[in-house]
Amino acid sequence: MPDALPPPNPALGTDKMLSRKEGGVGWMIFNNPERHNAVSMEMWEAAEKILADFGADPEIRVVVVTGAGGKAFVSGADISKFESERSSKEAVDAYQAQTAKVYDALSDFPKPTIAAIRGHCIGGGSALAVCCDMRICTEKSSFGIPAAKLGLGYPLPGIRRLVHLVGPSFAKELFFTAKRFTAEDARVMGLVNRVVADDALEATVGDYASTIAGNAPLTVGSVKAIVAEALKAQPDEALCDRLVRECFGSEDYIEGRRAFMEKRPPQFRGR
(Lines give C-alpha, C1' and ligand atoms only; values in the text may rest on other atoms or scores of the structure.)
Protein backbone atom coordinates (compact mmCIF):
# COMPACT_ATOMS: atom_id res chain seq x y z
CA MET A 1 0.00 0.00 0.00
CA PRO A 2 1.15 3.64 -0.17
CA ASP A 3 3.71 4.53 2.47
CA ALA A 4 1.18 6.86 4.14
CA LEU A 5 -2.54 7.30 3.74
CA PRO A 6 -3.45 10.30 1.59
CA PRO A 7 -5.54 13.09 3.14
CA PRO A 8 -9.31 12.96 2.65
CA ASN A 9 -10.68 14.61 -0.48
CA PRO A 10 -13.64 16.89 0.42
CA ALA A 11 -15.09 16.38 -3.07
CA LEU A 12 -15.79 12.75 -2.21
CA GLY A 13 -18.13 13.69 0.62
CA THR A 14 -16.60 11.21 3.07
CA ASP A 15 -13.28 10.52 4.76
CA LYS A 16 -14.00 6.79 4.56
CA MET A 17 -12.73 6.61 0.96
CA LEU A 18 -9.24 7.79 -0.03
CA SER A 19 -7.39 7.99 -3.33
CA ARG A 20 -3.84 8.62 -4.39
CA LYS A 21 -1.96 8.86 -7.70
CA GLU A 22 1.71 7.99 -7.90
CA GLY A 23 3.97 6.64 -10.65
CA GLY A 24 1.13 5.93 -13.06
CA VAL A 25 -0.77 4.00 -10.40
CA GLY A 26 -4.09 5.05 -8.89
CA TRP A 27 -4.84 3.77 -5.39
CA MET A 28 -8.43 3.47 -4.15
CA ILE A 29 -8.47 2.85 -0.40
CA PHE A 30 -11.46 1.80 1.69
CA ASN A 31 -10.85 3.64 4.96
CA ASN A 32 -13.25 2.34 7.60
CA PRO A 33 -10.85 0.19 9.66
CA GLU A 34 -12.83 0.42 12.90
CA ARG A 35 -15.55 -1.57 11.11
CA HIS A 36 -13.14 -3.75 9.10
CA ASN A 37 -13.74 -1.52 6.07
CA ALA A 38 -17.44 -2.29 5.92
CA VAL A 39 -19.00 -0.17 3.18
CA SER A 40 -21.81 2.36 3.49
CA MET A 41 -23.83 4.03 0.76
CA GLU A 42 -21.68 7.17 0.86
CA MET A 43 -18.55 5.05 0.43
CA TRP A 44 -19.97 3.36 -2.67
CA GLU A 45 -20.83 6.79 -4.07
CA ALA A 46 -17.29 8.01 -3.42
CA ALA A 47 -15.81 4.88 -5.00
CA GLU A 48 -17.74 5.63 -8.19
CA LYS A 49 -16.23 9.13 -8.29
CA ILE A 50 -12.70 7.84 -7.70
CA LEU A 51 -12.92 5.30 -10.50
CA ALA A 52 -14.31 7.92 -12.88
CA ASP A 53 -11.37 10.20 -12.06
CA PHE A 54 -8.80 7.44 -12.58
CA GLY A 55 -10.42 6.41 -15.85
CA ALA A 56 -10.30 9.95 -17.23
CA ASP A 57 -6.66 10.56 -16.25
CA PRO A 58 -4.28 9.49 -19.07
CA GLU A 59 -1.39 9.39 -16.60
CA ILE A 60 -3.02 6.57 -14.63
CA ARG A 61 -2.25 3.21 -16.20
CA VAL A 62 -3.06 0.81 -13.35
CA VAL A 63 -5.50 0.94 -10.44
CA VAL A 64 -4.96 -0.80 -7.09
CA VAL A 65 -7.91 -1.35 -4.76
CA THR A 66 -7.16 -2.00 -1.10
CA GLY A 67 -8.30 -1.46 2.48
CA ALA A 68 -6.79 0.55 5.32
CA GLY A 69 -5.94 -0.67 8.80
CA GLY A 70 -4.27 -4.00 8.05
CA LYS A 71 -7.15 -6.21 9.24
CA ALA A 72 -9.47 -6.23 6.24
CA PHE A 73 -9.66 -5.59 2.53
CA VAL A 74 -13.40 -4.99 2.60
CA SER A 75 -15.67 -6.95 4.94
CA GLY A 76 -18.88 -6.29 3.03
CA ALA A 77 -21.82 -4.03 3.68
CA ASP A 78 -21.97 -2.03 6.90
CA ILE A 79 -24.72 -4.00 8.66
CA SER A 80 -25.01 -1.28 11.31
CA LYS A 81 -26.55 0.90 8.59
CA PHE A 82 -29.05 -1.65 7.29
CA GLU A 83 -31.90 0.03 9.16
CA SER A 84 -31.11 3.44 7.69
CA GLU A 85 -29.93 2.34 4.24
CA ARG A 86 -31.64 -0.98 3.45
CA SER A 87 -34.79 -1.29 5.56
CA SER A 88 -37.37 -0.67 2.81
CA LYS A 89 -37.72 -2.00 -0.73
CA GLU A 90 -36.95 1.44 -2.12
CA ALA A 91 -33.85 1.76 0.02
CA VAL A 92 -32.66 -1.74 -0.92
CA ASP A 93 -33.17 -0.95 -4.61
CA ALA A 94 -31.19 2.29 -4.31
CA TYR A 95 -28.36 0.57 -2.44
CA GLN A 96 -28.23 -2.30 -4.93
CA ALA A 97 -28.21 0.12 -7.86
CA GLN A 98 -25.26 2.04 -6.39
CA THR A 99 -23.20 -1.05 -5.62
CA ALA A 100 -23.93 -2.34 -9.14
CA LYS A 101 -22.57 0.93 -10.58
CA VAL A 102 -19.27 0.44 -8.76
CA TYR A 103 -18.98 -3.26 -9.55
CA ASP A 104 -19.71 -2.57 -13.24
CA ALA A 105 -17.33 0.39 -13.35
CA LEU A 106 -14.52 -1.72 -11.86
CA SER A 107 -15.27 -4.81 -13.92
CA ASP A 108 -15.46 -2.79 -17.15
CA PHE A 109 -12.60 -0.45 -16.26
CA PRO A 110 -10.44 0.04 -19.37
CA LYS A 111 -7.16 -0.14 -17.45
CA PRO A 112 -5.68 -3.03 -15.43
CA THR A 113 -6.90 -3.36 -11.85
CA ILE A 114 -5.36 -5.20 -8.89
CA ALA A 115 -7.01 -6.05 -5.57
CA ALA A 116 -4.39 -5.95 -2.79
CA ILE A 117 -5.93 -8.06 -0.04
CA ARG A 118 -4.85 -8.25 3.58
CA GLY A 119 -7.18 -9.73 6.19
CA HIS A 120 -10.90 -10.29 5.73
CA CYS A 121 -12.37 -10.21 2.21
CA ILE A 122 -16.00 -10.95 2.89
CA GLY A 123 -19.33 -10.52 1.10
CA GLY A 124 -19.23 -7.28 -0.85
CA GLY A 125 -15.45 -7.35 -0.44
CA SER A 126 -15.24 -10.64 -2.30
CA ALA A 127 -17.60 -9.28 -4.95
CA LEU A 128 -15.39 -6.20 -5.30
CA ALA A 129 -12.19 -8.24 -5.54
CA VAL A 130 -13.71 -10.48 -8.22
CA CYS A 131 -14.33 -7.36 -10.33
CA CYS A 132 -10.58 -6.71 -10.48
CA ASP A 133 -8.29 -8.22 -13.11
CA MET A 134 -5.95 -9.72 -10.52
CA ARG A 135 -6.06 -10.48 -6.80
CA ILE A 136 -2.97 -10.71 -4.59
CA CYS A 137 -3.47 -11.60 -0.93
CA THR A 138 -1.49 -12.41 2.18
CA GLU A 139 -1.24 -15.84 3.79
CA LYS A 140 -3.55 -14.78 6.63
CA SER A 141 -6.33 -13.43 4.42
CA SER A 142 -9.78 -15.01 4.57
CA PHE A 143 -12.63 -15.08 2.08
CA GLY A 144 -16.34 -15.71 2.23
CA ILE A 145 -19.76 -14.85 0.86
CA PRO A 146 -22.23 -15.01 3.78
CA ALA A 147 -25.36 -14.15 1.78
CA ALA A 148 -27.06 -17.43 2.76
CA LYS A 149 -26.61 -16.57 6.46
CA LEU A 150 -28.26 -13.19 6.00
CA GLY A 151 -31.07 -14.12 3.62
CA LEU A 152 -29.70 -11.85 0.90
CA GLY A 153 -30.34 -12.26 -2.81
CA TYR A 154 -27.35 -12.09 -5.12
CA PRO A 155 -27.68 -10.60 -8.64
CA LEU A 156 -26.71 -12.39 -11.84
CA PRO A 157 -23.75 -10.13 -12.81
CA GLY A 158 -21.86 -10.88 -9.58
CA ILE A 159 -22.49 -14.61 -9.81
CA ARG A 160 -21.47 -14.61 -13.47
CA ARG A 161 -18.16 -12.91 -12.65
CA LEU A 162 -17.46 -15.45 -9.91
CA VAL A 163 -18.33 -18.41 -12.16
CA HIS A 164 -16.03 -17.07 -14.88
CA LEU A 165 -13.26 -16.89 -12.29
CA VAL A 166 -13.59 -20.09 -10.23
CA GLY A 167 -16.09 -22.23 -12.16
CA PRO A 168 -19.62 -23.28 -11.20
CA SER A 169 -18.75 -25.87 -8.56
CA PHE A 170 -16.53 -23.62 -6.42
CA ALA A 171 -19.00 -20.75 -6.88
CA LYS A 172 -21.74 -22.96 -5.44
CA GLU A 173 -19.48 -24.05 -2.58
CA LEU A 174 -18.77 -20.43 -1.66
CA PHE A 175 -22.46 -19.51 -1.70
CA PHE A 176 -24.07 -22.70 -0.37
CA THR A 177 -21.80 -23.05 2.68
CA ALA A 178 -21.32 -19.32 3.44
CA LYS A 179 -18.10 -20.49 5.12
CA ARG A 180 -14.84 -18.63 5.62
CA PHE A 181 -12.07 -19.91 3.39
CA THR A 182 -8.32 -19.52 3.82
CA ALA A 183 -5.92 -17.88 1.41
CA GLU A 184 -4.74 -21.31 0.30
CA ASP A 185 -8.34 -22.38 -0.31
CA ALA A 186 -8.78 -19.25 -2.42
CA ARG A 187 -5.62 -20.02 -4.39
CA VAL A 188 -6.76 -23.57 -5.12
CA MET A 189 -10.15 -22.29 -6.27
CA GLY A 190 -8.53 -19.73 -8.55
CA LEU A 191 -10.09 -16.91 -6.55
CA VAL A 192 -6.67 -15.25 -6.11
CA ASN A 193 -3.64 -15.07 -8.40
CA ARG A 194 -0.95 -15.00 -5.73
CA VAL A 195 -0.60 -15.64 -1.99
CA VAL A 196 2.36 -13.87 -0.40
CA ALA A 197 3.81 -13.43 3.08
CA ASP A 198 2.16 -10.72 5.13
CA ASP A 199 5.21 -8.48 4.94
CA ALA A 200 5.56 -8.95 1.17
CA LEU A 201 2.18 -7.65 0.01
CA GLU A 202 3.23 -4.04 -0.51
CA ALA A 203 6.38 -4.94 -2.44
CA THR A 204 4.63 -7.57 -4.57
CA VAL A 205 1.68 -5.36 -5.49
CA GLY A 206 3.98 -2.41 -6.08
CA ASP A 207 6.15 -4.49 -8.40
CA TYR A 208 3.14 -5.76 -10.37
CA ALA A 209 1.64 -2.29 -10.65
CA SER A 210 4.86 -0.55 -11.71
CA THR A 211 5.68 -3.32 -14.20
CA ILE A 212 2.25 -3.07 -15.82
CA ALA A 213 2.36 0.74 -15.79
CA GLY A 214 5.68 0.60 -17.69
CA ASN A 215 4.35 -1.69 -20.42
CA ALA A 216 2.63 -0.57 -23.61
CA PRO A 217 -0.83 0.75 -22.62
CA LEU A 218 -2.40 -0.05 -26.00
CA THR A 219 -1.25 -3.67 -25.83
CA VAL A 220 -2.37 -4.10 -22.22
CA GLY A 221 -5.70 -2.41 -22.88
CA SER A 222 -6.34 -4.43 -26.02
CA VAL A 223 -5.66 -7.72 -24.24
CA LYS A 224 -8.02 -6.75 -21.42
CA ALA A 225 -10.77 -5.95 -23.92
CA ILE A 226 -10.15 -9.10 -25.99
CA VAL A 227 -10.20 -11.34 -22.91
CA ALA A 228 -13.60 -9.84 -22.04
CA GLU A 229 -14.81 -10.61 -25.56
CA ALA A 230 -13.42 -14.15 -25.36
CA LEU A 231 -15.73 -14.84 -22.40
CA LYS A 232 -18.83 -13.89 -24.38
CA ALA A 233 -20.95 -16.38 -26.30
CA GLN A 234 -20.63 -14.16 -29.38
CA PRO A 235 -17.40 -12.13 -29.23
CA ASP A 236 -17.07 -9.02 -31.33
CA GLU A 237 -14.32 -10.21 -33.65
CA ALA A 238 -14.27 -6.95 -35.58
CA LEU A 239 -13.53 -5.06 -32.36
CA CYS A 240 -10.75 -7.48 -31.48
CA ASP A 241 -9.19 -7.18 -34.95
CA ARG A 242 -9.34 -3.38 -34.76
CA LEU A 243 -7.60 -3.33 -31.38
CA VAL A 244 -4.80 -5.52 -32.70
CA ARG A 245 -4.36 -3.29 -35.77
CA GLU A 246 -4.19 -0.21 -33.55
CA CYS A 247 -1.31 -1.75 -31.60
CA PHE A 248 0.69 -2.48 -34.77
CA GLY A 249 -0.07 0.99 -36.13
CA SER A 250 0.97 2.84 -32.98
CA GLU A 251 3.99 4.95 -32.13
CA ASP A 252 4.51 2.61 -29.18
CA TYR A 253 5.08 -0.31 -31.55
CA ILE A 254 7.88 1.68 -33.20
CA GLU A 255 9.28 2.65 -29.78
CA GLY A 256 9.18 -0.95 -28.60
CA ARG A 257 11.17 -2.19 -31.60
CA ARG A 258 13.72 0.61 -31.31
CA ALA A 259 14.18 0.13 -27.59
CA PHE A 260 14.73 -3.58 -28.09
CA MET A 261 17.37 -2.98 -30.75
CA GLU A 262 19.05 -0.25 -28.70
CA LYS A 263 18.96 -2.39 -25.55
CA ARG A 264 17.20 0.23 -23.45
CA PRO A 265 13.90 0.37 -21.55
CA PRO A 266 11.05 1.53 -23.81
CA GLN A 267 9.21 4.76 -23.06
CA PHE A 268 5.64 4.03 -24.02
CA ARG A 269 3.16 6.90 -24.43
CA GLY A 270 -0.07 5.08 -25.17
CA ARG A 271 -0.37 6.18 -28.78
Exercise for review: Using only alpha carbons, build the gyration tensor for the chain and give me the equivalent ellipsoid semi-axes, biggest first, whole Å.
Suggested key: 32, 21, 19
Study note, to complete from the structure: The FRET efficiency for VAL223 and ASP199, from their Cβ-Cβ distance with R0 = 25 Å and rounded to 0.05, is 0.20
Study note, to complete from the structure: For the range 83-161, averaging the sequence separation of alpha carbon pairs under 8 Å that lie six or more residues apart and dividing by its residue count, the contact order in percent is 25
Review point. Roughly how many Å² of LYS172 are accessible to a 1.4 Å probe, to the nearest 10?
Key: 110
Practice item. Report the calculated FRET efficiency for GLU173 and ARG271 (r = Cβ-Cβ distance, R0 = 35 Å), to the nearest 0.05. Key: 0.20
Exercise for review: Could you work out how far helix 201-214 tilts from the main Cα principal axis of the chain, as a 0 to 90 degree angle to the nearest 10?
Suggested key: 40
Revision key, fill the gap. Taking N as the residue count of the range 218-271, its alpha carbon Rg divided by 2.2 N^0.38 Å gives 1.33
Exercise for review: Quick one: work out Rg over Rh on the C-alpha atoms of the range 2-136, Rh as Kirkwood radius.
Suggested key: 0.94
Study note, to complete from the structure: The set of residues whose placed amide H lies less than 5 Å from the amide H of LYS16, leaving out same-chain residues fewer than 5 positions away, is none
Point to revise | Modelled FRET efficiency - R0 41 Å, GLU255 with LYS140, Cβ distances, 0.05 increments | key: 0.45
Review point. How do the peptides 38-49, 186-197 rank, highest first, by the average count of neighbouring beta carbon atoms within 10 Å per residue?
Key: 38-49, 186-197
Practice item. Output ³J(HN,Hα) for the range 57-74: one whole-Hz value per residue in order, computed from phi by the Karplus curve 6.51 cos²θ - 1.76 cosθ + 1.60 with θ = phi - 60°, and x for Gly and Pro. Key: 8, x, 6, 8, 10, 9, 10, 10, 10, 8, x, 8, x, x, 9, 7, 6, 9
**Study point:** Volume per residue of the C-alpha convex hull in the range 101-224, rounded to whole Å³
**Key:** 98
Review point. In nm, what is the difference between 0.36 nm times the number of residues separating GLU22 and THR211 and their Cα-Cα distance?
Key: 66.7 nm
Review point. In deg cm²/dmol, rounded to 500, what helix-only [θ] at 222 nm does the chain give when every DSSP H run of at least 4 residues adds -39500 (n - 2.57) and the total is split over its residues?
Key: -14500 deg cm²/dmol
Exercise for review: Sequence neighbours fewer than 8 away in the same chain don't count; with that in mind, list the lysines whose C-alpha is under 27 Å from LYS111.
Suggested key: LYS16, LYS21, LYS49, LYS101, LYS224, LYS232
Practice item. Tell me the label-point distance for the pair THR182, VAL244, using the 7 Å Cα-to-Cβ offset, in nm and rounded to one decimal. Key: 4.4
Check your understanding: If you count the DSSP beta bridges with both ends in the range 15-69, what percent of them are antiparallel, to the nearest 5?
Key -> 50
Check your understanding: By DSSP, what percent of the beta bridges with both residues in the range 115-271 are antiparallel, rounded to the nearest 5?
Key -> 20
Check your understanding: What residues have an amide H closer than 5 Å to that of ARG135, excluding those fewer than 5 places away on the same chain, when H is modeled at 1.01 Å from N in the peptide plane?
Key -> ALA115, ASN193, ARG194
Study note, to complete from the structure: Check: C-alpha center the range 218-260 vs C-alpha center the range 163-200, spacing in Å is 30
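The values are calculated or read from the model by the stated rules, or taken from the named source; none is laboratory data. Because the structure is a prediction, the values reported are computed rather than measured. Virtual Cβ from ideal backbone geometry, glycine too; neighbours counted across all protein chains shown. Ligands, DNA and RNA are stripped out before the accessible areas are found, and what is left, the full protein with its side chains, is counted by its heavy atoms. Shrake-Rupley method; radii C 1.70, N 1.55, O 1.52, S 1.80 Å.
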